[in-house]
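Enquirer: There's a structure below that I have some questions on.
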Amino acid sequence: MKKKDITRREFLTATAAGVAGLAISGTGILSAAHAQGANDRLRVGVIGVGERMDSLIKEFHRLKDSHNCEIVAVNDIWTVNRDKAVKRITDLYGVQPKVYKAYEDMLAAKDIDGVIIGTADFQHAEMLRKAILAGKHTYCEKPTANTLEDANALIKTAEANPKVIVQVGTQRRSDGKFQAAADFIKSGALGTIARVNVSWNYYGARWIRDYSGVRQEDVDWKQFQMGRADRPFSARVFRQWRIFKPFSTGIPCQWMSHMVDAVNLVMGVTFPRRCVAMGETLVWKDGRENGDTFEALFEYPEGFILNYTTGFGNDSPGTEFKIFGTKGTLDCSSWKASGAGGGKDIRLGDEITITGEPMPDHMRNWVESVRSGKQPVATVMNGYEHAIAVVMGVRAQDSGRKQIFDPVKRTITQV
């Protein structure tokens, strides 16, 4: 098939009928110039220093010299992880970070400018809300919330404090290919879109981690539960919290939140209107409270249905993200668009490659946004949007009833 190159500006001004056969490029974002020359050192604390935070610390440390920033404080409720993080940060920066036993004390510190939150799902919303109230710029892992009450309290606080820069950890927004795909969909090249399919699968008992070395005296169990539960201490629950309620919803929190956010970005939408869903433990009968198989249908007011599915009993087709229009299909896994499935007389004529332009990584984008005062690529509102989809999916699964979201009242009702 024929392929041609085109600049993003040329593409955005092209008509939908004229884009067949073009290679599409996405957007760049804030350049390093926004951070260069900043005189004040950006001092950051880290909250929750488990496996995910290991990667975030590495990403932040790469910016140490170019963006004049450092990690100066550590909080974790498990002394084992906390001590490891203190040693690692000391080795990286040559200075031992201050240790806070309670994250609220870190937020109250006047010499800390921002925080990175990498804790359990159910802890994000309250920690982020308090960080915003304390005026701390924040990088927060997804999901931003897994209950409607937490999500609404968070977004209300964020809207009242717009100068606090929040980056949500949905990193596909820092991938130029996703941004380019969004440009392509916006052009109308696929015609009328009524169906989007996302499938993300895995074979294995996901989120099972060893807990044999966890001692109760090393864990602040009360702080871990954050008032959400009052269970006796359990080393297994502490290490495998993703499979237990109310600490996570499993697949919706951990995986669907990522892909709903990607769909929102590429399709240029915000909230689904209605949702039905089913989920169950069908393969790994290991005492987990969050299922290993989940499927949800979301109807968006823009006129399409998203079918999301994940199963841990078979990894075919792995990750798949396809958008189906009357003129053809966009595959956001292979990054190809073609006339496959489109109407005979109106389908795309040539294969289109979605290339995308390089973008700053997610952590750099946050730091540069803090420096410039501009919003990052994954805002707290974007986090609220994916949180609403998570809540709708879980409520539909648990109740067996259709969930309806009202974006004006910010309520979810069921029928």
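Enquirer: Would you be able to tell me the number of residues in the range 222-233 that are free of Cβ contacts under 8 Å to residues at least 40 places away in the same chain and either surrounded by fewer than 16 Cβ atoms within 10 Å (Cβ to Cβ) or closer than 16 Å to residue 50 by Cα (or both)?
Expert: 7
Enquirer: Does the range 205-221 hold any residues that are over 19 Å from residue 243 (Cα atoms), without any contact (Cβ under 8 Å) to a residue 60 or more places away in the chain and among the charged types (D, E, K, R), and which are they?
Expert: 215, 217, listed by residue number.
Enquirer: Turning to a different aspect of this structure: Before we move on, is residue 66 more than 22 Å from the chain's Cα centre (by Cα) and either surrounded by fewer than 22 Cβ atoms within 10 Å (Cβ to Cβ) or not in a strand (DSSP E or B) (or both)?
Expert: Answer is yes for this residue.
Enquirer: If the Cβ limit is 6 Å and pairs must be 6+ apart or interchain, which residue in the range 103-115 that is aromatic (Phe, Trp, Tyr) pairs with which residue that is part of a strand (DSSP E or B)?
Expert: Listed pairs, sorted by first residue: 103/47; 103/75.
Enquirer: All but one of (1) in a helix (DSSP H, G or I); (2) buried (at least 24 other Cβ atoms within 10 Å of the Cβ); (3) not basic (Lys, Arg) hold for residue 398, so report the exception by its number.
Expert: The one condition residue 398 does not meet is (2).
Enquirer: Among the listed residues 321, 298, 271, 304, identify the single one that is crowded, with 17+ Cβ neighbours inside 10 Å, among the aromatic types (Phe, Trp, Tyr) and touching a Ser or Thr at 6+ places or on another chain (Cβ under 7 Å).
Expert: 321
Enquirer: Could I ask something else about it? Any residue at all in the range 206-215 that is assigned to a helix (DSSP H, G or I) and touching an Asp or Glu at 6+ places or on another chain (Cβ under 9 Å)?
Expert: No - not one qualifying residue is present in the range 206-215.
Enquirer: Still on this model: Might you check whether a residue that is free of Cβ contacts under 8 Å to residues at least 12 places away in the same chain, of a type in the set (D, E, K, R) and under 25 Å from residue 294 (Cα atoms) occurs anywhere in the range 337-350?
Expert: Checked against the condition, which is being free of Cβ contacts under 8 Å to residues at least 12 places away in the same chain, of a type in the set (D, E, K, R) and under 25 Å from residue 294 (Cα atoms), the range 337-350 yields no hits at all.
Enquirer: Looking for whichever is outside any loop (DSSP other than H, G, I, E, B), closer than 30 Å to residue 344 by Cα and of a type in the set (A, V, I, L, M) here; the options are 194, 158, 189. Which one fits?
Expert: The match here is 194.
Read-outs throughout are calculated quantities, based only on the coordinates presented, and are distinct from any laboratory measurement. As the structure is a computational prediction, the values presented were derived from the model and not from experiment. Virtual Cβ from ideal backbone geometry, glycine too; neighbours counted across all protein chains shown.
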